[in-house]
Each structure stands twice: as C-alpha cells, then as structure tokens.
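Undergrad: Next up is a structure, given as structure tokens.
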Amino acid sequence: MKEAVAGELAAAYHSRLVDEVRAAGFRHEKGRLTLHLATEFGFCYGVDRAVDYAYQAVARFPGRSVFLTGEIIHNPHVNERLRANGIRFLSDPDERARQLGPEDVVILPAFGVTVSEMKRFSDLGCTLVDTTCGSVLTVWKNVVRYAQDGFTAVIHGKVKHEETRATASQALKYPNGRYLVVVDREEAAAVCDYIRNGGDRQIFLARFAQAASPGFDPDLDLQRIGCANQTTMLMSESLEIGDMFRDAFRERYGEAALLHHFRAFDTICSATQERQDAVISLLDSQSVDLMIVVGGYNSSNTCNLAKICASRVRTFHIAVPNCLLSGDRIRHRPVGPPSTAAPSEVVTEDWLPPSGRIIVGLTAGASTPNNIVGQVIETLERFTSA
Ligand code: SF4
C-alpha cells in the first residue's frame, strides 16, 4: 500500500527547486537574492510517516468514512490536502456530535491522543490507524515508568498542546501517578523554589491549577520527580530546566540522596534537535539580512525555530507562501507567544530592501512540506528579480 500512495505523496509535497538548492549546498542565487537554506528543515520522520499512513488509510479502506481526531500535524496546507483527499476531521463543529462505530476508521495524529480518547475509540470498535511518532512513545514510556516508581512526571511543555496532554495522561495509568507541566524557566524556577523552601500550598495550586494532575499536593508530590519534555520544545531550555531541578533536589536532600528524588531523561526528539542545531549553524556561518521561518502558527517546533532566529536577526514567521504579499508587505506571526496562544498575524511594510543585494536565511518547521518551501523560494525570487 505504501507504494500505491508514493506517487500521490510525491506529487503533493515534493519540490524540484528545493532538491536543486539542497544539491547546490543549501545556497541559491538568483538576481539580487542570495538564499541560505538550513541544512535540516521541513518534514521530520514522524510527520512523514503520519502523512503517509493517512494517505494509505484512504486507499486501504475504500467506501468507509476515514476520520482524523483533529489536525494530523500543525500545518494548514497538509490538513487541507487531507480534507481534499476525503478525510474528515472530528474536531470540526459539524462532526463533533457524530456517533462513531465499527465501520469507521480513525487516524490518530503524530503527537498522539490521551489515554481516555484512545480507550473511547477502542470501545466504540473503530478501526484505528495510529500514527503516534516513535519519539513521542519514548517519552510516554518514561512517564509511565516514573508513575510506576512513584515519581511525579514534570513535563516541560505547553499544557494545551495535544502532545503534552497525551503525555500527561500517561502518568495517570497508575493510581499514584502524578504530573505537573511547566512551560518555561520562570515556572520551573517557581517549582524549584517550592522544592527547596516549601511555600504557600494554595498559591502554588492556584498558579498550576490547569497544569497539575487532579489532587496534586506540592508538599507530597514534589518529593520525587522525573523530568520529561514535549518533544518540540527549545532543547536549550529543556536542558536548563532539567539542571534547575537537579540543583534544587541536590540542595534540598544532598548529593547522596539525589537518585532517590530526581530522574531525568532527554526526550527532545532528534528531528527537533537537528532543526534547531541547523538554524543556529546557519546563523553562525552566514551573515543574513533576515530569516524566514515557514510553518503553522500553532506548530510548537516552528515557533521555537522562529524564537532562535529572532534572538539573532530580523525574523518573519509565515504560515504559507502567500503570506509574502509583495516586495513591500509581508503577513506574519509575531515571534514570542507560545504556539498554543490564539493565532495572530500582523502585516509589516518595507520588509525587503527595494534595491541592492539581499541575503535571506530560510528554514521550515517539522510539519512543513517541501512544496511549500519551494513556493516560498519562488516567491522570493519574483520579489527580488527587479
Ligand atoms: S517533531 Fe519529533 S516527535 Fe514530533 S513527529 Fe516529528 S520526529 Fe516525531
């Protein structure tokens, strides 16, 4: 079945121009444009597989309704193509009340679903096509082990992100399982402070009301923790947060007792890490006038790539090629708010210099296909050809 859909996938997502840029050492020159493409960008192995499975599901179950629980990955173009291919979205308002049954096929997204959602679909007898990425499953395995051994899973992630919700639910497979989600260093520092010094339980619970497992008691549940991550977070931040917790436990209980109270496991996926490393290396080696980061506004790994770039150079995060409105105007998402924040766009004027050489750096999130990257390059060529 893989072979049967291979042609369809290539036609939908391949770009000859991107292949050419890659073959030319990730550098492209045309007119007054010099473009540097990150050496790792776009579709990761997990997304590649998820999209492949979705196309295979349509081919394998002709005549049956095929549903996605929601977005398969956070890319508007890919999700629209799947809709055009006949896949329906259970997250759509007119599908939400739908009664599913054994005749229905349900595709589970790359970032997984919660334990209770999985049980619901299984109980209904649906045929499940599980595209949960292996890297996400590795995180789940660790979180389950923490719960088994009486450690609270402290997850560096966004509490509203599907992957983090799914990962947190794994902690509750055991009766004493607990979780706490921290989104950044600031929240981690507040938790570390409680570990070191204790504090006001009610204030703590109010702050983490949406981010802690039911019945969470910081006085009991912060005595032993294991760190985990949403796989698409900023790697540097995740590592720093792990170190912050290690230091807090070391101070509270002493070095000899550290292993009894603290565990860590690097659960940033290699694809996320490679894309972050590649963009840092591009910025270290090339002097670019601006960076363009392409990917869904709700894509966590894309937002983090944009954050890395924006700390170094003028950066525009765009969702699709037609965000490049003209050589004067660009529509983009301001860099900074988390991917789970309400999507917002602004239009910036005079984003490209009207004359002279222009050096642009380009990267794309793990859910952005090559045809979109190729269209961005073509549009840049057009705007700089005069
Ligand atoms: S970003 Fe990483 S964890 Fe997520 S689907 Fe891709 S490879 Fe898997």
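Undergrad: Considering R64, R49, R32, R60, which residue is farther than 20 Å from I280 by Cα, within 16 Å of the ligand (Cβ to nearest atom) and either within 21 Å of the chain's Cα centre (by Cα) or in contact (Cβ under 8 Å) with a residue 24 or more places away in the chain (or both)?
TA: Exactly one of R64, R49, R32, R60 is farther than 20 Å from I280 by Cα, within 16 Å of the ligand (Cβ to nearest atom) and either within 21 Å of the chain's Cα centre (by Cα) or in contact (Cβ under 8 Å) with a residue 24 or more places away in the chain (or both), namely R49.
Undergrad: So which pairs qualify, if the first residue must be in region 266-280 and within 14 Å of G42 (Cβ to Cβ) and within 9 Å of the ligand (Cβ to nearest atom), the second must be open to solvent by less than 10 Å² (accessible area, probe 1.4 Å) and part of a helix (DSSP H, G or I), the Cβ gap must be under 7 Å, and the two must be at least 6 apart or on different chains?
TA: A271/G46; R275/L305
Undergrad: How many of the residues in region 283-307 are assigned to a helix (DSSP H, G or I), under 24 Å from G327 (Cβ atoms) and open to solvent by 10 Å² or more (accessible area, probe 1.4 Å)?
TA: 1
Undergrad: With the requirement that a residue be more than 20 Å from P62 (Cβ to Cβ) and at pLDDT 95 or above, what does region 91-108 give you?
TA: The answer is L108, and nothing else.
Undergrad: If you scan region 329-347, which residues turn out to be in contact with a strand residue (DSSP E or B) (Cβ under 6 Å, 6 or more places away or on another chain) and open to solvent by less than 30 Å² (accessible area, probe 1.4 Å)?
TA: Listed by number, the residues that qualify are I330, H332, R333.
Undergrad: Continuing with this model, one more query. State which residue is nearest to E80 (Cα to Cα) when the search covers only region 337-374 and only residues that are among the charged types (D, E, K, R) and assigned to a loop (DSSP other than H, G, I, E, B).
TA: The extreme case among them is E345.
Undergrad: When the residues of region 348-374 are narrowed to those that are without any contact (Cβ under 8 Å) to a residue 60 or more places away in the chain and open to solvent by 60 Å² or more (accessible area, probe 1.4 Å), which ends up farthest from the ligand (Cβ to nearest atom)?
TA: Filtering first and then ranking leaves P354.
Undergrad: Let me ask another. Of the residues in region 120-153, how many are of a type in the set (A, V, I, L, M), part of a helix (DSSP H, G or I) and away from the ligand (no atom under 16 Å from the Cβ)?
TA: Of the residues in region 120-153, 2 are of a type in the set (A, V, I, L, M), part of a helix (DSSP H, G or I) and away from the ligand (no atom under 16 Å from the Cβ).
Undergrad: If we keep just the residues of region 187-237 that are of a type in the set (S, T, Y) and within 16 Å of the ligand (Cβ to nearest atom), which is most open to solvent (accessible area, probe 1.4 Å)?
TA: The selected residue is T232.
Undergrad: Looking at A168, A206, A188 in this structure, which one is hydrophobic (A, V, I, L, M, F, W, C) and either more than 20 Å from S339 (Cα to Cα) or in contact with a Lys or Arg (Cβ under 9 Å, 6 or more places away or on another chain) (or both)?
TA: That would be A206, the only listed residue that is hydrophobic (A, V, I, L, M, F, W, C) and either more than 20 Å from S339 (Cα to Cα) or in contact with a Lys or Arg (Cβ under 9 Å, 6 or more places away or on another chain) (or both).
Undergrad: If you take the residues of region 238-260 that are more than 16 Å from the ligand (Cβ to nearest atom) and under 22 Å from D277 (Cα atoms), which of them is surrounded by the most Cβ atoms within 10 Å (Cβ to Cβ)?
TA: Residue satisfying both the conditions and the ranking: I241.
The values are calculated or read from the model by the stated rules, or taken from the named source; none is laboratory data. Just so it is clear, the structure is predicted and the values come from calculations on it, not from any experiment. Glycine also receives a Cβ, built like all others from the backbone with ideal geometry; neighbour counts cover every protein chain displayed. The accessibility values were calculated without ligands, DNA or RNA, using every heavy atom of the protein model including side chains. Shrake-Rupley method; radii C 1.70, N 1.55, O 1.52, S 1.80 Å.
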